[in-house]
Amino acid sequence: MSTSDNPLFKSENINEDELKRALNCSKLPCHIAIIMDGNGRWAVNKNMPRAEGHRAGVESLRKVVELCVELKINILTVYAFSTENWKRPQEEINILMKLLVEYLYSEINNLHKNGVRVSTIGNTWVLPQSAQEALKMAMTKTCNNNGLTLNLALNYGGRMELVDGIKDIAREVFEGKLSPEDIDENTVSGHLYTGDYPDPDLLIRPSGDFRVSNFLLWQLAYTEFWLTTIMWPDFDRHTFLYALIDFQNRKRRFGGLEHS
Ligand code: IPE
Ligand code: IPE
Ligand code: MG
């Protein structure tokens with residue numbers, strides 16, 4: 001379902017308190033994944049350089065993290081840079097990395113104060129040195145926090161993750177630590193970057209592109225998708241609350257039958 005199908009979304013005057021009242025706090029998703037897409041188009045539509053879209057996108061991330069903390073969401077995984085994003089012009093890649101570093105240093109005290117634990121998925125060791133240092137700083141400072149886990153997908157690709165996981169499993173078999181007969185779904189899940197995180201309950205993709213773009217290919221097996229044409233820089237607290245309300249109205253069957 002997209003936002004336009006939601007009757008709540010059509011009532012423009014609805015305020016945040018009303019939305020929060022419509023939310024069932026005992027039925028919130030444990031793990032939310034977001035493909036933060038549409039920054040470039042948002043900027044181009046406003047005759048601005050793409051970089052301005054990325055800058056505005058950081059503000060959306062700030063707001064969404066804040067709301068996740070308020071609602072006591074366990075895990076937020078955000079797609080910030082894919083293994084395919086290296087195909088972009090070097091100048092744009094540099095801006096994205098610079099914004100990541102700025103975000104981490106400017107937000108770290110706030111994140112820490114709010115009990116957020118910063119983590120990553122993806123091959124971060126090939127990121128520029130400054131990004132690696134900022135990530136190390138943020139992860140070290142927040143490693144003992146037990147509030148929201150803010151999981152940044154950086155140089156992340158779902159296929160690369162599966163390849164890496166398969167290599168690890170093959171190595172363990174080769175070394176005699178694992179028997180092929182004992183490989184099951186839990187073995188595969190446990191060898192992914194997401195390790196023991198539960199699969200996402202809800203995937204949000206703004207921007208009007210209705211695809212997964214190599215994000216969490218294994219983990220999305222039974223995730224609820226919430227797609228919207230809103231661009232990520234315009235994604236605000238209201239939009240997020242609508243997505244959560246829609247999620248709560250879904251009937252998740254996991255291949256079985258609906259429980260009465
Ligand atoms: C998402 O916005 C940010 C990254 C992919 C890093 P885009 O830059 O993809 O924005 P669009 O899709 O071109 O509008
Ligand atoms: C997905 O967006 C990656 C991130 C948001 C980081 P893209 O803009 O890279 O995806 P495609 O190319 O439209 O599929
Ligand atoms: Mg895009």
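The values are calculated or read from the model by the stated rules, or taken from the named source; none is laboratory data. Since the model is a prediction, treat every value here as computed from it, not as a measurement. Neighbour counts run over all protein chains shown; Cβ positions are idealised from the backbone, glycine included. Ligands, DNA and RNA are stripped out before the accessible areas are found, and what is left, the full protein with its side chains, is counted by its heavy atoms. Shrake-Rupley method; radii C 1.70, N 1.55, O 1.52, S 1.80 Å.
With an 8 Å cut-off on Cα pairs and a minimum separation of 6 or more residues, tell me the relative contact order of the chain in percent.
On the way: 382 pairs, mean separation 77.7, N = 260.
This gives 30 percent for the chain.
Could you rank Lys177, Lys141 by how accessible they are, 1.4 Å probe, largest area first?
On the way: Lys177 150, Lys141 90 Å².
In descending accessible area the options line up as Lys177, Lys141.
Taking N as the number of residues in region 128-234, what is its alpha-carbon radius of gyration divided by 2.2 N^0.38 Å? Please list the in-between numbers first.
On the way: Rg = 16.8 Å, N = 107, 2.2 N^0.38 = 13.0 Å.
Computed over Cα atoms of region 128-234, the ratio equals 1.30.
Please find the FRET efficiency linking Asn249 to Gln90, where r is the Cβ-Cβ separation and R0 is fixed at 41 Å, and quote it to the nearest 0.05. Could the numbers behind the result be given before it?
On the way: r = 44 Å, r/R0 = 1.08.
Once the sixth-power term is evaluated, E becomes 0.40.
What is the Rg over Rh value, at two decimals, for region 43-85, using alpha-carbon atoms and the Kirkwood definition of Rh? Don't jump to the answer; show the numbers that get you there.
Details: Rg = 13.2 Å, Rh = 12.1 Å.
Ratio value, two decimals: 1.09.
Rounded to the nearest 0.05, what FRET efficiency do Lys20 and Met48 give with R0 = 51 Å and r taken as the Cβ-Cβ distance? Could you check? Intermediate results must be reported in sequence, preceding the final value.
Details: r = 33 Å, r/R0 = 0.64.
Computed FRET efficiency for Lys20 and Met48 comes out at 0.95.
Kindly report, to the nearest 10 Å², the accessible surface of Asp184 as traced by a 1.4 Å probe over protein heavy atoms only.
My reading of the accessible area for Asp184 is about 80 Å².
Using a cut-off of 27 Å between alpha-carbon atoms, which lysines can reach Lys141, once sequence neighbours fewer than 8 places away in the same chain are excluded?
The qualifying lysines are Lys63, Lys72, Lys98, Lys113.
Summarise the accessible area of the chain (1.4 Å probe, protein heavy atoms) by the percent that is carbon and sulfur. Could the numbers behind the result be given before it?
Values: 6980 of 13520 Å².
It is 52 percent, rounded to a whole number.
How many Å² of accessible area per residue for the chain, probe 1.4 Å? Please list the in-between numbers first.
On the way: 13520 Å² over 260 residues.
For the chain, the per-residue accessible area is 52 Å².
Given a 1.4 Å probe and heavy atoms of the protein chains only, how would you sort Cys25, Cys68, Cys143, largest accessible area at the top? Show your work: numbers first, answer last.
Working: Cys25 90, Cys68 0, Cys143 70 Å².
Largest accessible area first, the residues go Cys25, Cys143, Cys68.
Return the Rg/Rh ratio of the chain with Cα-based radii and a Kirkwood Rh.
Values: Rg = 18.9 Å, Rh = 19.5 Å.
Ratio of gyration radius to Kirkwood radius: 0.97.
Can you pull a Stokes-Einstein diffusion coefficient for region 51-184 at 10 °C (1.306 mPa s), Rh from Kirkwood over Cα pairs, as a whole number of µm²/s?
Values: Rh = 16.4 Å.
D, rounded to a whole number, is 97 µm²/s.
Leaving ligands, DNA and RNA out of it, rank Ile166, Ile35 by accessible area with a 1.4 Å probe, largest first. It would help to have the intermediate numbers written out before the result.
On the way: Ile166 110, Ile35 10 Å².
Ranked from most to least accessible, the order is Ile166, Ile35.
Helix-only estimate, please: 222 nm mean residue ellipticity of the chain, summing -39500 (n - 2.57) across DSSP H runs of length 4 or more and dividing by its residues, to the nearest 500.
Working: 9 runs with 113 residues, N = 260.
Mean residue ellipticity, 222 nm, calculated: -13500 deg cm²/dmol.
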